[in-house]
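The values are calculated or read from the model by the stated rules, or taken from the named source; none is laboratory data. Quick caveat: nothing in here was measured; it's all calculated off a predicted structure. Cβ atoms come from the backbone with ideal geometry, glycine included; neighbour counts cover every protein chain shown. To get the accessible areas, we keep the full protein, side chains included, count just its heavy atoms, and leave off ligands, DNA and RNA. Shrake-Rupley method; radii C 1.70, N 1.55, O 1.52, S 1.80 Å.
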Amino acid sequence: MGKKRQQVKILADYHEKDRWFTIAKTLLTLAPLVAVGYLQMFAGGGNISSLLQKNPQITVIFLSAMTGPFTAYLLGLAQKHLYEGNAAYLMAHLVLIFVAEALLRNMVYMVIITFLMYLVYQMTGISPLASLRSKLRDHFFRDLSGCFVLIFFCSFCLFASLRLGM
C-alpha cells in the first residue's frame, strides 16, 4: 500500500507543476502572433508579404517565431510521457529544445526551458545527461525525431541570420 501512495504523490507532484508547462506552451504558441503584430506595426498597416519579400532580416525573425507552436507541440507531447512514467523522454526533449532555442539565440525561451529542466530534475531526479544516455540506448532517433527537425530548421535560421549579419 505504501508504494501506491508514493506513486500517487509523485503523480500529484507532476500535476502541481503543470502550470509552468502551460505557461511555457502558451508563450511559445503566442510567439507567431507577437511576430505578426510586430510586422504589422513595422509595415505601418501595409502589406506584410511585401515587407517579408523586401527585408530578409524580418523574414528570418518571422521564420524563427514560427517555430514556437511546433516547440509547444513537442513540449506537450513530451509532457504526456512524464505522466506515463517516462521522465527520461521529457528531459531529453527539453535538452534538445534548449539546443534549438540556443540556435535561435532566444534567451527568454532558454531560461524557461532551463527552469522546466530544473523542475523535472527536482521531481524525478533524472539529469539531462542521464536522460540522453538512456534515450541513446532506447530508440533515440525515433523518439526525438521532432526535436531533430526543429534543430535542423533552427540551424537554417541561425545560418541565415549570421549571413545577414544579425
Matching residues in region 143-166 (in a helix (DSSP H, G or I) and within 18 Å of the chain's Cα centre (by Cα)) number 15
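Conditions tested, residue by residue: (1) at pLDDT 90 or above; (2) more than 10 Å from the chain's Cα centre (by Cα); (3) farther than 21 Å from THR29 by Cα.
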residue	(1), (2), (3)
GLY68	yes, no, no
THR71	yes, no, no
LEU75	yes, no, no
HIS81	no, yes, no
ALA87	no, yes, yes
VAL95	yes, no, no
ALA102	yes, yes, no
SER134	no, yes, yes
For region 111-125, which residues satisfy the criterion of being more than 19 Å from the chain's Cα centre (by Cα) and touching a residue at least 24 places away in the same chain (Cβ under 8 Å)? MET123, THR124
If you scan region 107-127, which residues turn out to be in a helix (DSSP H, G or I) and open to solvent by 40 Å² or more (accessible area, probe 1.4 Å)? MET107, VAL108, VAL111, THR114, PHE115, TYR118, TYR121, GLN122, THR124
Pick out the one residue from ALA78, ALA130 that is farther than 30 Å from PRO56 by Cα, open to solvent by less than 70 Å² (accessible area, probe 1.4 Å) and touching a His at 6+ places or on another chain (Cβ under 9 Å). ALA78
